[in-house]
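Here's the structure we're looking at; comments come further down.
Any read-out appearing in this document is the output of simple, stated calculations on the displayed coordinates, not a laboratory observation. These numbers come from a predicted model, not from an experiment. We place every Cβ from the backbone using ideal geometry, glycine too, and count neighbours over all the protein chains shown.
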Amino acid sequence: MASLSEAPWLHREVGRRLADKLAPIKLQPQNWIDWSAFLGASGDLVSACYPQAQRWVVESTEELCQRSQLALGQGATRSWKALWRKEAPKAWLADELTQAPWLPGGAQMLWANMCLHAHSDLAAMMRQWHRQLAVGGFLMCSGLGPDTARELRALYRAMDWPLPTIDFIDMHDLGDELVKAGFADPVMDMERLTLTWETPQAMLKELRTWGGNVAVGRHAGLKTPRWRDELLNLLVRRLARPDGRLGLTIEVVYGHAIKPEPRIRLEPETRVSLDDMRRMVRKQG
């Protein structure tokens with residue numbers, strides 16, 4: 001994905017729609033994390049909403065991290081505004097955040113556009129998001145929902161082929177998973193889009209730009225030219241619309257949640273961290 005000339009169009013469009021949902025939120029973060037910034041393709045939209053906030057970039061792979069670091073360095077060179085920031089822009093690798101500058105207090109917002117379908121263990125990623133946020137901070141996330149590529153999935157079932165995608169998370173299940181990860185007051189939303197292409201080759205080419213496929217049950221290894229020709233013919237027959245273009249349904253799921261004050265379980269001996277104790281004293285005062 002780091003070799004793409006630019007981020008996918010769909011990710012940019014979903015990022016624009018997710019950014020529109022920031023308007024009613026009263027909290028104005030002073031710092032925020034742009035999770036999977038390159039593929040998320042919406043850092044500039046969020047920065048426009050919070051021009052004074054410090055942006056931190058997190059990427060899932062070393063290649064994407066290097067690309068984002070280069071882009072941030074070029075941006076800082078060109079923009080005099082970067083000289084006024086407390087910290088220079090920097091990209092961090094998701095697996096190496098123990099020394100991240102926003103810890104231990106956490107960032108006030110974590111922005112994760114088009115990330116819900118991009119991890120093989122979504123629950124673990126949500127717990128990681130929770131750790132990176134400050135108490136009272138909020139999460140904004142989005143990703144593909146279960147109706148995504150339903151036409152393509154039906155075609156694969158009819159041919160008795162392994163499904164080409166993961167089981168995308170449902171809007172209602174998203175809320176449950178956020179609560180399990182420690183978030184509070186989840187708000188979910190969804191919408192369906194229909195995308196069309198002139199040819200099956202154009203469709204498959206664009207689908208490959210949307211990010212890595214984490215589905216464990218998909219076809220293993222390379223396919224033959226004969227298999228590809230059969231797939232292309234099936235796509236034309238099954239997905240063609242009245243105007244001749246090939247159509248595919250895309251479901252987009254949006255989520256918003258807050259990191260609440262930690263709950264202290266009362267036991268014969270209860271240990272509370274110094275940071276948690278300070279927060280509870282401030283809250284009572």
Exercise. Size of the range 105-261 along its principal axes in angstrom, Cα-based, largest extent first?
Worked result: 57, 34, 23
Exercise. So how far apart, in nm, are the two label points at LEU163 and ARG150 if each is 7 Å from Cα heading toward Cβ?
Worked result: 1.3
For this session: Multiply the residue separation of ASP20 and ARG226 by 0.36 nm, subtract the distance between their alpha-carbon atoms, and state the gained length in nm to one decimal.
Result: 69.6 nm
Exercise. What relative contact order, as a whole-number percentage, does the range 100-224 give when Cα pairs under 8 Å and 6 or more residues apart are counted?
Worked result: 28
